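Participant: The following block contains the structure, expressed as structure tokens.
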Amino acid sequence: MAGYEGTIAALSTPEGVGGIAVVRVSGPDALHIIKPCVSRIPPKALQATFTPFFNPEDGHFIDDVIVTFFKSPRSYTGEDLLEISCHGGRIIPALILEVLYARGARPALPGEFTRRAFINGKMDLTQAEAVADMIHAETEKSLKSARVLLQGRLARELEEIRHLLLDAASLLEIGLDFSDQDIETIDPEDIRDRIERGLTHISDLMASYQTGRILHDGARIPIVGKPNAGKSSLLNAILKEERVITSDIPGTTRDYIEERINHSGYLLRLYDTAGLRDTRDFIELAGLEKTKKLMKDADLMLMITEFPNEVPALSAFLEGQEIPGLIVLNKIDRLPEEDVRTALSYTKPDRPVFAVSATKDIHISALMDRILDLLQNHYVLNTESVMISHLRHQNHLNAAKKALLSARQALDEGMSPEFIALDIREAMGALDDITGKTTSPEVLNHIFNRFCIGK
């Protein structure tokens, strides 16, 4: 708690013009600080009181406000907390904060209200991260995914795994206590069963990361093809605006351009990329390297061409990829129908061929629906299940898995129980890092610095 003592105050709503603004005050002196500023103080917790707000130094009236009091520990932060609802705008909230700071409160740091909630046991670290995820959610699906974490469902699953491992470690350590007596206390098969069950649960959570990341950060979808295939035109057609400069001159796009769109509640991150071709142009080569990096990190790939005879080669290329792909035959308004039908015949479930005209807006809406179908079928985008969406979670789960694999190997090799227990305890520590039981201050600073001031 060092550096986070005292009573804090901050604006919890966005700055600027608005009907209502909310100023939060949290800490042991919250009531003492506000008492001289209002003519009526809430007589009991969870009661909202309408009252004038004054500057006690000169009696200057600032605004009529509504003060709501949440008494410790039944508050968001676990401390005495006041919410002052005043008229919106820049001046009134600033004047109220100026009075509160003069009375002894200090400005809250980014995320300090939620950090105090975490420190005071009102939520674990996964729930605290979910608060930030909800604030930054760009789609309904990412919001639902964050709510699952905020409900503590991930923390409960991790606690179940931890309890399973704790039993195994305890049995091993009890065996050590009675090692000098002729008492059989350790059943190796029982220990192995608990390790295996722990590994299964951890592996299931790790497998959810890709889906969770897509729901949280959006699906990465590069539009890839040769110069003049229509990549920029396709992006413009999807966005329904002239976002990207188009030209018949090859190499017009030198760097990638990212656009984020909300399609049916899912966030899609579309990239217009540099055309794939042999070139000696230094800048264009740099763009091609970025295109290759986007292809490597993609969740779904759009391969676009204007030539039907290129479709078989593109289909063969996608066949070697682990991610789903979609071949887009562009400029069908200029192509013979027979050539289009031949190209469409190469459609396969995981790499379909889709015919469009980007400039004429033909089949663009249907293309977007097909993209979403591919994502949903490949990644099973279920927002109701527990999944992880942060790389931090995945890294700690991987550390726990490695420790349990080491414990299983030690058990199979008949090593001394203390070595097996040590590995199991290491796995438990990795799980505790996720929920915040043993997380370092540096990690906490990194997490809570994502928050806005006032949350």
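Participant: E319 - would you say it is out of contact with any helix residue (DSSP H, G or I) (no Cβ under 9 Å at 6 or more places or on another chain), farther than 20 Å from L294 by Cβ and not aromatic (F, W, Y)?
Facilitator: no
Participant: Determine whether G121 is assigned to a loop (DSSP other than H, G, I, E, B) and out of contact with any helix residue (DSSP H, G or I) (no Cβ under 8 Å at 6 or more places or on another chain). Write out each step before concluding.
Facilitator: Working: assigned to a loop (DSSP other than H, G, I, E, B): yes; out of contact with any helix residue (DSSP H, G or I) (no Cβ under 8 Å at 6 or more places or on another chain): yes.
Answer is yes for this residue.
Participant: Tell me the residue from A132, A128 that is in contact with a Lys or Arg (Cβ under 6 Å, 6 or more places away or on another chain), part of a helix (DSSP H, G or I), touching a residue at least 40 places away in the same chain (Cβ under 8 Å) and under 30 Å from S389 (Cα atoms), please. Write out each step before concluding.
Facilitator: Numbers: A128 fails: in contact with a Lys or Arg (Cβ under 6 Å, 6 or more places away or on another chain).
None of the other options fit; the residue is A132.
Participant: Between a residue in the range 250-271 that is outside the structural domain of S232 (by TED's automatic domain parsing) and closer than 22 Å to A229 by Cα and any residue that is of a type in the set (D, E, K, R) and modelled with pLDDT of 90 or more, which pairs come within a Cβ distance under 8 Å, given they are 6 or more apart or on different chains?
Facilitator: none
Participant: Out of everything in the range 15-62 that is assigned to a loop (DSSP other than H, G, I, E, B) and polar (S, T, N, Q), what residue ends up being farthest from the chain's Cα centre (by Cα)?
Facilitator: Checked the range 15-62; the qualifying residue farthest from the chain's Cα centre (by Cα) is S39.
Participant: So which pairs qualify, if the first residue must be in the range 289-312 and in contact (Cβ under 8 Å) with a residue 40 or more places away in the chain and within 22 Å of K331 (Cβ to Cβ), the second must be in a helix (DSSP H, G or I) and polar (S, T, N, Q), the Cβ gap must be under 9 Å, and the two must be at least 6 apart or on different chains?
Facilitator: M303/S315; V311/T342
Participant: Could you pull out the residue among L109, L95, L100 that is touching a residue at least 24 places away in the same chain (Cβ under 8 Å) and under 32 Å from the mean Cα position of the chain (by Cα)?
Facilitator: Unique residue meeting the criteria: L109.
Participant: Looking at (1) among the acidic types (D, E); (2) farther than 27 Å from H216 by Cα; (3) at pLDDT below 95, which is the one condition that is false for D64?
Facilitator: Exception for D64: condition (3).
Participant: Being more than 21 Å from T114 (Cα to Cα) and either under 30 Å from the mean Cα position of the chain (by Cα) or in a loop (DSSP other than H, G, I, E, B) (or both) is the requirement here; does G78 meet it?
Facilitator: no
Participant: Moving on. Quick test for you: out of L82, L109, L95, pick the one residue that is in contact with a strand residue (DSSP E or B) (Cβ under 8 Å, 6 or more places away or on another chain), surrounded by fewer than 17 Cβ atoms within 10 Å (Cβ to Cβ) and hydrophobic (A, V, I, L, M, F, W, C).
Facilitator: L95
Participant: Looking at the structure I just gave you, is I119 more than 12 Å from the chain's Cα centre (by Cα), over 16 Å from G6 (Cα atoms) and β-branched (V, I, T)?
Facilitator: Criteria not met by I119.
Participant: Which one of these is touching an Asp or Glu at 6+ places or on another chain (Cβ under 6 Å) and not aliphatic (A, V, I, L, M): S365, S385, S406? Lay out the reasoning, then the answer.
Facilitator: Values: S365 fails: touching an Asp or Glu at 6+ places or on another chain (Cβ under 6 Å); S385 fails: touching an Asp or Glu at 6+ places or on another chain (Cβ under 6 Å).
After ruling out the rest, the residue left standing is S406.
The values are calculated or read from the model by the stated rules, or taken from the named source; none is laboratory data. Fair warning: this is a prediction, and the values are worked out from it, not measured in the lab. A quick note on method: Cβ atoms are made from the backbone with ideal geometry, for glycine too, and the neighbour counts reach across all protein chains shown.
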